[in-house]
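Novice: Could you have a look at this structure, given as structure tokens, before my questions?
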Amino acid sequence: MNPYKPRYTSITRIERLAPGIKLYRLAYKSKHKPGQFVEVFLPHYGEAPMSICSYSREYIELCVRCVGNLTRALHALHIDDKIGVRGPYGAGYPVEEFKGKHLYLIGGGTGVAPLRSVILYAERHPKDFPSINIFLGFRTPRDVLFKGDIERWQTKFRVFLSVDRPTKSWRHSRGVITTLLEKQTLINKNSVAMVCGPPIMIKFVIKTLNQAGFDDEQIYVSMERLMRCGIGKCGHCMINELYVCKDGPVFRYDTIKGRSE
Ligand SMILES: Cc1cc2nc3c(=O)[nH]c(=O)nc-3n(C[C@H](O)[C@H](O)[C@H](O)COP(=O)(O)OP(=O)(O)OC[C@H]3O[C@@H](n4cnc5c(N)ncnc54)[C@H](O)[C@@H]3O)c2cc1C
Ligand code: FES
């Protein structure tokens, strides 16, 4: 079997989440773990990795930011159009190991996408986690992703939101996500933290978590690297001897800390 051959899959739902960002539901059946990704392919436009932001065996959802050739072409598609997909790939979050622990999910911008798959998993397994604490940061209120989900999560989890540039009607926090974290009492005992977002955000969030008593072994980060094959063959994604596509993109922080690129 050719591992590079995509499976053509219909789009069953499209939702505009924020300026330049759309959610696509694809009729792609797979048994995936939260935090895994797929390679998305369109003839003439190429292929790119995308995080699975849903948790279902019947479909996958992708949150696509329009940044270049392929994503521009994806944004022009309609319901019932077909997309090539291969995967799921990558290690994902070891959610079974998190059973019995307090979860801290900290995301910025489109970094919220892979965390959504963990939150949807936690919604399906509510008795597995003593508490679920969600910290999300965006540029402006218009950029807030998954607004419908957030409203639902606010009824059952601790959810904290912040934007860099608030409007008058914004009722949540203002400023960088670390300020949001510093305002709350973080329980470091029997907890795991998952961090996903721009590299600079990840760096400062880890510092804040360490100051709150979290060890590096309790922190998981999701890495975005330029990728080609997605299956550990081409070496494009490597950080030292690690393949981000195969060993990651989710890494326990102590396993990648200090590695040069
Ligand atoms: C594991 C993984 C998961 C991802 N998940 C998502 C997702 O859920 N949603 C989403 O919108 N995007 C995601 N991406 C990023 C996406 O794959 C790239 O932006 C992709 O290149 C878009 O293809 P394009 O042809 O539209 O843009 P291109 O023409 O390839 O690139 C447009 C611009 O983005 C830059 N760029 C491309 N890839 C990256 C990268 N990995 N990191 C930093 N800059 C990059 C390019 O240098 C260029 O400046 C993910 C990437 C990885 C590695
Ligand atoms: S993308 Fe080819 S080895 Fe990781």
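The values are calculated or read from the model by the stated rules, or taken from the named source; none is laboratory data. Quantities reported herein were computed from a predicted structural model and do not represent experimental measurements. Because the Cβ atoms are built from the backbone with ideal geometry, glycine has one as well, and the counts that use them run over all protein chains shown. We work out accessible area using only protein heavy atoms, side chains counted, and drop any ligands, DNA or RNA first. Shrake-Rupley method; radii C 1.70, N 1.55, O 1.52, S 1.80 Å.
Novice: For segment 72-89, indicate whether the set of residues that are surrounded by fewer than 19 Cβ atoms within 10 Å (Cβ to Cβ), assigned to a helix (DSSP H, G or I), of a type in the set (A, V, I, L, M, F, W, C) and within 10 Å of ligand 1 (Cβ to nearest atom) is non-empty.
Specialist: Yes, segment 72-89 has at least one match.
Novice: May I pose another question? Taking the condition of being part of a strand (DSSP E or B) and in contact (Cβ under 8 Å) with a residue 24 or more places away in the chain, how many residues in segment 8-46 meet it?
Specialist: Number satisfying all stated conditions: 22.
Novice: Can you go through 185, 178, 167 and tell me which one is of a type in the set (Ser, Thr, Tyr) and not in a loop (DSSP other than H, G, I, E, B)?
Specialist: It is 178.
Novice: Can you name the residue in segment 221-238 that is part of a loop (DSSP other than H, G, I, E, B) and more than 7 Å from ligand 2 (Cβ to nearest atom) and is also least open to solvent (accessible area, probe 1.4 Å) among such residues?
Specialist: Top of the filtered list is 223.
Novice: Failed condition for residue 111, given (1) away from ligand 1 (no atom under 14 Å from the Cβ); (2) touching a residue at least 12 places away in the same chain (Cβ under 8 Å); (3) in a helix (DSSP H, G or I); (4) not charged (D, E, K, R), with all others met?
Specialist: (1)
Okay, residues lined up against (1) closer than 30 Å to residue 179 by Cβ; (2) open to solvent by 10 Å² or more (accessible area, probe 1.4 Å); (3) away from ligand 2 (no atom under 16 Å from the Cβ); (4) among the aliphatic types (A, V, I, L, M):
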{"site": "42", "(1), (2), (3), (4)": "no, yes, yes, yes"}
{"site": "65", "(1), (2), (3), (4)": "yes, yes, yes, no"}
{"site": "93", "(1), (2), (3), (4)": "yes, no, yes, no"}
{"site": "98", "(1), (2), (3), (4)": "yes, no, yes, no"}
{"site": "101", "(1), (2), (3), (4)": "yes, yes, yes, no"}
{"site": "107", "(1), (2), (3), (4)": "yes, no, yes, no"}
{"site": "118", "(1), (2), (3), (4)": "yes, no, yes, yes"}
{"site": "122", "(1), (2), (3), (4)": "yes, no, yes, yes"}
